[in-house]
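Enquirer: Before I ask anything, let me first share the structure, which is written out below as structure tokens.
Readers should treat all values here as calculations from the given coordinates under stated rules, not as data from a laboratory. Fair warning: this is a prediction, and the values are worked out from it, not measured in the lab. Using ideal geometry, Cβ is built from the backbone for each residue, glycine included, and neighbour counts are taken over all protein chains shown.
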Amino acid sequence: DGCIQFTRHAGDVLLNFNRLRSRNLLTDVTVQVDGQIFHTHKAILVACSGFFYSVFMKPENASLSAISLDPKVDPKGFSLLLDFMYTSILNLNDTVALTTLNTAIYLQMEHVADTCHRFIKSRHQV
Amino acid sequence: YEGVNTIKERGRSIHEIPRQD
């Protein structure tokens, strides 16, 4: 007896979620960040961000279909982190590293924030 | 699945949702 592990399953599932997002299919919450609108899936936001977990785990918020973030949040940083949630790829560079760090802290994505912090430190050492 | 003989399947596991219809 044995079992078969499909090693690329997690990536295939996430790619399908990203295809749904890009076609705005089955999206169930719009996130407004400083005037910009992002169509997303609650389950992905909650799975990736402590902030969204704390928001949507409250019964009174579970059916929310729109949420506006604090005006201090940078849409560019949020967009990069949303892409990360749906692809596992974080597009860091000197221009966006600090805003991505700050946004990751706000969204309670500690592991990404640590990575941004290490990236910034490494660039200062160069 | 500790102790169970696991065969790793490297191919695609599910259908791929197209970029557009």
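Enquirer: Counting only other chains, what is the mean number of Cβ atoms within 10 angstrom of the Cβ of each residue in peptide B:5-13?
Expert: 5
Enquirer: Based on the Kirkwood radius over alpha-carbon pairs, what value in µm²/s does the Stokes-Einstein equation return for the translational diffusion coefficient of region A:52-126 at 4 °C and 1.567 mPa s?
Expert: After rounding, the answer is 97 µm²/s.
Enquirer: Of all alpha-carbon pairs in region A:79-120, indicate the percentage at a distance above 12 angstrom.
Expert: Of all Cα-Cα pairs in region A:79-120, 52 percent lie more than 12 Å apart.
Enquirer: Using the 2.2 N^0.38 Å rule of thumb for compact globular proteins, work out how region A:43-90 stacks up: its C-alpha Rg over that value, please.
Expert: 1.20
Enquirer: Based on the alpha carbons, how large is the Rg to Rh ratio for region A:1-59 when Rh follows Kirkwood? Each step should come with its number before you reach the end.
Expert: Working: Rg = 14.9 Å, Rh = 13.3 Å.
We get a ratio of 1.12 for region A:1-59.
Enquirer: Same structure, new question: Mind checking the mean number of beta-carbon atoms from other chains within 10 Å of the Cβ atoms in A:6-17?
Expert: 4
Enquirer: Hey, could you pull the Cα Rg and Dmax for chain A, both in Å?
Expert: 16.0, 56
Enquirer: Of the residues A:Ala62, A:Ala43, A:Ala113, which exhibits the maximal mean-square fluctuation in a Gaussian network model of chain A defined by a 10 Å Cα contact cut-off?
Expert: Checking each option, the largest mean-square fluctuation is seen for A:Ala62.
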